[in-house]
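Here's the structure we're looking at; comments come further down.
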2 protein chains.
Amino acid sequence: MEQKVYLLPGPTKPCQAVLDCYGQFYGSSDLEVDAFAQDYDDAACLLRELLTIPQDSSVVMMSGEGMVGLWAGLTNTLRPGDKVLSVNFGSYGKGIGDMAAGLGADVEYFGEGDTEPLDRNKHWKQLESKIRSIQPKLVTLVHCETPSGTIVDHDLLELVGNLCDEVGCLFYVDMVSSAGGVCIDLSANKVDIALLGSQKCFSLHSDITILVLTEKAWKVVEENKDKSGYDALLPFKNVVDPTFSGERLFPYTMNWSSIVALKESLTQLKNEGFDKVYQRHIDVAEHCRNRITKIGLELHVEEDYCSPTVTAIKVPPTIKWEDLSSELAKKQIYFGRNYGTLAGKVFRIGHMGTQAQLHQVNKGVDALEEILSCGQQ
Amino acid sequence: MEQKVYLLPGPTKPCQAVLDCYGQFYGSSDLEVDAFAQDYDDAACLLRELLTIPQDSSVVMMSGEGMVGLWAGLTNTLRPGDKVLSVNFGSYGKGIGDMAAGLGADVEYFGEGDTEPLDRNKHWKQLESKIRSIQPKLVTLVHCETPSGTIVDHDLLELVGNLCDEVGCLFYVDMVSSAGGVCIDLSANKVDIALLGSQKCFSLHSDITILVLTEKAWKVVEENKDKSGYDALLPFKNVVDPTFSGERLFPYTMNWSSIVALKESLTQLKNEGFDKVYQRHIDVAEHCRNRITKIGLELHVEEDYCSPTVTAIKVPPTIKWEDLSSELAKKQIYFGRNYGTLAGKVFRIGHMGTQAQLHQVNKGVDALEEILSCGQQ
């Protein structure tokens with residue numbers, strides 16, 4: 001039987017060693033407290049290296065899909081009426097602003113939505129003056145806008161981070177689809193709340209979310225000490241603090257298998273070499289774009305803005321997306337569809353984590369080429 | 001190497017067939033929508049049989065630890081100032097009331113806390129008059145109070161459910177530690193919001209929570225349509241409604257492996273025969289209590305109130321819990337400790353799910369007997 005080729009922008013298929021971790025029972029985090037904490041710390045330590053996490057930041061891993069972390073970053077810091085600036089390029093940027101608005105925050109949007117990517121030369125000055133003028137409590141930004149396949153420039157991230165630091169607001173960055181596939185330096189970027197998911201570049205099941213919080217972010221969380229609920233962060237504060245010496249009882253029974261799976265995935269990235277991992281993503285993405293344009297398809301955005309983890313491609317006028325995807329499915333090839341204003345117009349080839357492989361992308365583009373050339377006959 | 005014998009009140013060790021499900025990648029719930037929905041529906045259907053779920057109720061499965069469901073049941077139904085009656089026998093009963101209070105609800109407590117179990121003859125009349133007099137929006141109750149090892153009588157559950165129905169309030173029942181090990185009839189008990197976890201009698205990883213909601217509960221959820229956050233239930237409404245005919249896109253990427261694991265666990269319970277499963281739990285619990293009293297230990301509560309899933313035992317005056325548990329650990333035997341007012345005074349033998357086996361309980365009690373008799377020499 002031919003195997004399915006998933007080229008989705010997540011969930012990506014875990015490798016066998018990671019799957020083996022899920023297939024084991026490690027015990028209870030409430031009983032063998034130290035043994036669990038050791039696995040937790042090992043995973044956090046590897047994340048510290050991967051993302052250049054400053055010493056005074058903490059790593060919170062929560063049981064649940066990535067969205068729980070995205071919500072936690074907002075619900076623990078915002079109160080009704082708080083000013084939020086939502087950087088809105090691509091659809092997730094707007095989505096996060098809408099989530100904040102749903103919590104009663106006073107949200108302003110900066111950006112062009114799906115129509116164009118965030119550009120340092122073009123937008124920085126405007127963004128800077130916007131932040132200075134409205135003095136928000138929180139600036140939200142999406143590092144990799146998966147639907148449009150775009151990535152925010154490292155230098156721009158640093159400019160925004162430094163400005164947030166200067167004006168004393170929190171910098172909230174969704175890195176769900178970039179962390180582990182793109183070089184990130186949280187220390188240099190001064191990100192206060194970094195949000196990560198498991199099922200993208202880490203190639204894990206969709207069962208864990210990760211938040212990295214600076215001391216500055218914790219201070220705001222502590223001001224909201226009445227915040228309750230599953231996504232309350234304060235109950236995690238002590239147990240994730242490297243200097244805490246008490247018994248490390250987490251707010252609920254942790255999914256030990258998923259923490260070991262994360263540790264295994266991060267160990268593999270480290271063994272490959274983080275730089276080599278990033279280069280693999282860059283190479284595969286470039287190869288993907290080259291092949292895509294060679295077969296006559298158009299990228300959704302210019303090369304400079306393309307994420308190394310996912311490529312967004314215009315659906316050609318000769319075929320409907322529904323027909324194209326059903327032809328692809330016959331060949332057991334699966335690309336990502338799109339949502340909102342890009343639905344039916346733009347599709348995605350995900351090449352993140354275990355999917356960042358030339359041969360896998362080639363299989364996908366070969367099938368695409370075959371289907372499109374058949375249509376032309 | 002001798003194998004560890006876990007006799008915890010959760011997490012319980014998944015059997016190999018369930019572990020194998022976690023060790024597989026099934027794809028994306030956002031892509032192969034129908035195939036995922038089929039697995040979801042299969043699991044829901046098995047739950048319908050197991051718990052006698054009425055036709056007009058829906059089954060919501062969320063990614064995360066059991067606490068997310070417990071919170072969701074409260075956050076989606078309560079607004080600040082809403083009256084809640086928290087049935088407080090054992091420590092979890094009080095805990096749920098405190099969670100509701102943390103959301104701004106006006107909470108009254110009924111009960112004796114850890115000091116005695118809920119008794120139909122003794123407490124029903126008082127409880128009835130309390131509910132009638134305060135007319136709460138929500139009555140919360142814990143079916144199996146894991147810390148004290150007690151279970152609420154089936155008839156009492158039905159009396160409370162019928163009364164809640166009569167006075168028009170919602171009946172919220174935490175069944176995390178009983179569902180799958182104790183006979184439950186949600187239809188007869190008129191439970192509006194039943195909360196279940198994965199790591200107890202279902203013997204799964206702690207990565208999924210289940211809510212069963214009646215139409216009456218959904219109406220209240222719909223009145224709170226502005227409720228946002230990871231635990232918002234309304235985004236699940238359509239996709240879990242058996243009559244919904246649209247595309248079933250869940251609010252986030254589901255953990256497909258965990259749904260298949262749940263389906264596998266439920267299939268095993270069905271194949272064994274639900275009645276036989278309950279009898280196995282009853283028999284093992286009775287055997288456990290007999291052996292415990294025979295070796296001179298005292299149960300925390302009288303036999304009539306004991307849960308078939310967990311036995312709570314007084315720590316004997318001859319030894320400290322810390323010493324007892326460390327001696328047990330040397331023999332690779334793990335019992336559950338306790339928290340709050342019962343910490344150090346009462347410990348637990350969990351015999352739920354895959355742990356509801358005579359030979360396993362015997363290993364645990366043998367070790368206990370050996371340690372205690374050594375101490376007497």
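Summary of values
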quantity	calculated
Search result, residues across region A:129-150 that are among the polar types (S, T, N, Q) and buried (at least 23 other Cβ atoms within 10 Å of the Cβ)	A:Thr140, A:Thr146, A:Ser148, A:Thr150
Those residues of region B:5-46 which are of a type in the set (Ser, Thr, Tyr), at the interface with chain A (Cβ under 7 Å from one of its Cβ atoms) and in a loop (DSSP other than H, G, I, E, B), in sequence order	B:Ser28
Residue pairs meeting the criteria (Cβ under 6 Å; at least 6 apart or on separate chains; first at positive phi, in region B:75-100; second surrounded by fewer than 24 Cβ atoms within 10 Å (Cβ to Cβ))	B:Gly81/B:Asp106
Checklist (1) in contact with a Leu (Cβ under 9 Å, 6 or more places away or on another chain); (2) in the same structural domain as A:Gln55 (by TED's automatic domain parsing) applied to A:His287, failing item	(2)
Sole exception among (1) modelled with pLDDT of 95 or more; (2) within 11 Å of chain A (Cβ to nearest Cβ); (3) out of contact with any strand residue (DSSP E or B) (no Cβ under 7 Å at 6 or more places or on another chain) for B:Ala188, by number	(2)
Any hit, region B:303-320, residues being within 14 Å of chain A (Cβ to nearest Cβ), over 20 Å from the mean Cα position of the chain (by Cα), modelled with pLDDT of 95 or more and more than 17 Å from B:Val182 (Cβ to Cβ)	no
Complete set of residues in region A:62-120 that are assigned to a helix (DSSP H, G or I), away from every other protein chain (no Cβ under 14 Å) and either among the hydroxyl-bearing types (Ser, Thr, Tyr) or open to solvent by 20 Å² or more (accessible area, probe 1.4 Å) (or both)	A:Ser91, A:Lys94, A:Arg120
Helices (runs of 4 or more DSSP H) wholly inside region B:151-266 that include at least 3 residues being in contact with a Lys or Arg (Cβ under 8 Å, 6 or more places away or on another chain), touching a residue at least 24 places away in the same chain (Cβ under 8 Å) and surrounded by fewer than 20 Cβ atoms within 10 Å (Cβ to Cβ)	B:154-167
Pairs with Cβ under 8 Å, 6+ apart, first in region B:131-142 and of a type in the set (S, T, N, Q), second surrounded by fewer than 24 Cβ atoms within 10 Å (Cβ to Cβ)	B:Gln135/B:Lys83; B:Gln135/B:Val167; B:Gln135/B:Cys169; B:Thr140/B:Gly97
Test set (1) within 19 Å of A:Cys201 (Cα to Cα); (2) within 19 Å of the chain's Cα centre (by Cα); (3) not polar (S, T, N, Q) - A:Tyr339 fails condition number	(1)
Residue check, A:Ser265 small (Gly, Ala, Ser) and more than 20 Å from the chain's Cα centre (by Cα)	no
Any pair with Cβ under 6 angstrom, 6 or more apart, that starts in region B:335-352 at a residue that is within 12 Å of chain A (Cβ to nearest Cβ) and over 19 Å from B:Ala367 (Cα atoms) and ends at one that is open to solvent by less than 50 Å² (accessible area, probe 1.4 Å) and of a type outside the set (Phe, Trp, Tyr)	B:Asn338/B:Pro147; B:Asn338/B:Val346
Some residue of region A:220-234 being touching a Leu at 6+ places or on another chain (Cβ under 7 Å), of a type in the set (S, T, N, Q) and closer than 19 Å to A:Pro80 by Cα	yes
Subset tally (residues that are open to solvent by less than 10 Å² (accessible area, probe 1.4 Å), more than 25 Å from A:Asp231 (Cα to Cα) and either within 14 Å of chain A (Cβ to nearest Cβ) or out of contact with any Gly (no Cβ under 8 Å at 6 or more places or on another chain) (or both)) for region B:48-61	2
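Listed here are the residues, each with its yes/no results for (1) within 25 Å of A:Pro14 (Cβ to Cβ); (2) touching a helix residue (DSSP H, G or I) at 6+ places or on another chain (Cβ under 6 Å); (3) open to solvent by 50 Å² or more (accessible area, probe 1.4 Å); (4) among the aliphatic types (A, V, I, L, M).
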| position | (1), (2), (3), (4) |
| --- | --- |
| A:Asp275 | yes, no, yes, no |
| A:Leu297 | no, no, no, yes |
| A:Thr311 | yes, yes, no, no |
| A:Lys320 | no, no, yes, no |
| A:Lys345 | no, no, yes, no |
| A:Gly350 | yes, no, no, no |
| A:Asn362 | yes, no, no, no |
| A:Leu372 | no, no, no, yes |
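The values are calculated or read from the model by the stated rules, or taken from the named source; none is laboratory data. None of the values given here were measured: they were computed from a predicted structure. Neighbour counts run over all protein chains shown; Cβ positions are idealised from the backbone, glycine included. With ligands, DNA and RNA removed, areas are computed over all heavy atoms of the protein, side chains included. Shrake-Rupley method; radii C 1.70, N 1.55, O 1.52, S 1.80 Å.
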